[in-house]
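The values are calculated or read from the model by the stated rules, or taken from the named source; none is laboratory data. As the structure is a computational prediction, the values presented were derived from the model and not from experiment. Every residue, glycine among them, receives a Cβ derived from its backbone with ideal geometry; neighbour counts consider all protein chains shown. Just so you know, the surface numbers come from the protein's heavy atoms only, side chains and all, with ligands and any DNA or RNA stripped out. Shrake-Rupley method; radii C 1.70, N 1.55, O 1.52, S 1.80 Å.
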Amino acid sequence: MAETVVTKKDIVDGLKRVGLKTGANVIVHSSLSAFGRVDGGADSVVDALIETVGDSGTIVMPCFTYDWQPGQKFDWSKAQSTWTGKIPTTFGQRPGTKRGKHPLYDVSVRGPLADWVIKVNDYIPMGWGENKLYYQWKDKNGSVLLLGVDHNANSTIHICQELADVPYIANKKPMSQMTLAELMALPREKQEEIIELHMSTMETEKDFNLIEPILEAQKAIWKTTIGKAAIRYMYSKDVIEYGAAALKENPRLLIV
Ligand SMILES: CC(C)(COP(=O)(O)OP(=O)(O)OC[C@H]1O[C@@H](n2cnc3c(N)ncnc32)[C@H](O)[C@@H]1OP(=O)(O)O)[C@@H](O)C(=O)NCCC(=O)NCCS
């Protein structure tokens, strides 16, 4: 049987089906291979996203460079690709897309909110609490789109963990209260110590997909498929409100 090929039109149709609208503000996490074969590759996915939200919407894709070298300056001119995938890499290379310069949590972004996104993400204290991009995004009617990836790629769930103050993120706290500039001003050994603690909290064994039934019960998640890819769409305010409440009630909810 001939292989199914996903076209840009299939992607636009699927995005509309799942509820992505003109003017949407959306954080996208993605996997290109999850679609099956996409005609035109990552460019078609990026074109479909830009076409669907139009000029009045803002698209954010995390790069999360994680290139932390205390005492050294990261060379952003070399930051052409990102481990978060071919789609964010392609998106980041498009004229008109801006890239933040946070050494851990940098994002690519285009649209009317681009400068605001970079300002929030680059200059406020780090971590995942209330003053972070993924929290403030809810006040911009922000949404989250998962293209062929599950909730383990859904960074907004970290906000729920911090709001619920789950015990396993205790190590993150020193860094969450600090601006990037404050962290950089510390002696190198102290910086390394704080970053190491911060990273160690990422290793707790958990499955963010355990949040999905909670969103489904609230009718706060929309799903479709495009080619072979499962597509999920939700509003940040719902993920944060329902996710944090569920984690407050059961701090072990996401632990497997
Ligand atoms: C890590 C991750 C990006 C890997 O996904 P992936 O589909 O394997 O990789 P990409 O999205 O980069 O797509 C590239 C792959 O698509 C495939 N591909 C290439 N051309 C293609 C086409 N035209 N059509 C479909 N697939 C194609 C190839 O397998 C390619 O891999 P290769 O470059 O090693 O050959 C994904 O699993 C993920 O986690 N994404 C979310 C990241 C994120 O936002 N995280 C947030 C915090 S946790």
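Taking the numbered list (1) under 14 Å from residue 28 (Cα atoms); (2) within 16 Å of the ligand (Cβ to nearest atom) in turn, residue 110 passes all entries but (2). Please work out which residue is farthest from residue 182 (Cα to Cα), limiting yourself to the range 48-68 and to residues that are modelled with pLDDT of 95 or more and in a loop (DSSP other than H, G, I, E, B). The residue in question is 54. Taking residues in the range 144-172 that are more than 9 Å from the ligand (Cβ to nearest atom), and partners anywhere that are modelled with pLDDT of 90 or more and among the small types (Gly, Ala, Ser), the pairs with Cβ atoms closer than 7 Å and at least 6 places apart or on different chains are 144/236; 156/236; 157/243; 160/243; 160/244; 163/244; 164/244.
Looking only at residues in the range 37-68 that are among the β-branched types (Val, Ile, Thr) and more than 19 Å from residue 144 (Cα to Cα), which one is farthest from the ligand (Cβ to nearest atom)? The selected residue is 65.
Scanning the range 1-20 for residues that are in contact (Cβ under 8 Å) with a residue 40 or more places away in the chain and open to solvent by 70 Å² or more (accessible area, probe 1.4 Å) gives 4, 8, 17. Tell me, yes or no, whether the range 69-91 has at least one residue that is at pLDDT 95 or above and away from the ligand (no atom under 14 Å from the Cβ). Checked against the condition, which is being at pLDDT 95 or above and away from the ligand (no atom under 14 Å from the Cβ), the range 69-91 yields no hits at all. Considering (1) at pLDDT 90 or above; (2) within 18 Å of residue 156 (Cα to Cα), the lone condition that residue 227 does not fulfil carries the number (2). I need the full set of residues from the range 21-36 which are more than 16 Å from residue 149 (Cβ to Cβ) and either buried (at least 20 other Cβ atoms within 10 Å of the Cβ) or not basic (Lys, Arg) (or both), in order please. Hits for the range 21-36 are 22, 23, 24, 25. If the condition is being over 20 Å from residue 192 (Cα atoms), open to solvent by 20 Å² or more (accessible area, probe 1.4 Å) and in contact (Cβ under 8 Å) with a residue 24 or more places away in the chain, then the range 100-115 contributes 110, 111, 112, 113. May I ask you to verify whether residue 223 is assigned to a strand (DSSP E or B) and within 30 Å of residue 10 (Cβ to Cβ)? In short, yes. Taken over the range 179-211, the criterion of being under 21 Å from the mean Cα position of the chain (by Cα) and aliphatic (A, V, I, L, M) is satisfied by 180, 195, 199, 202, 210, 211.
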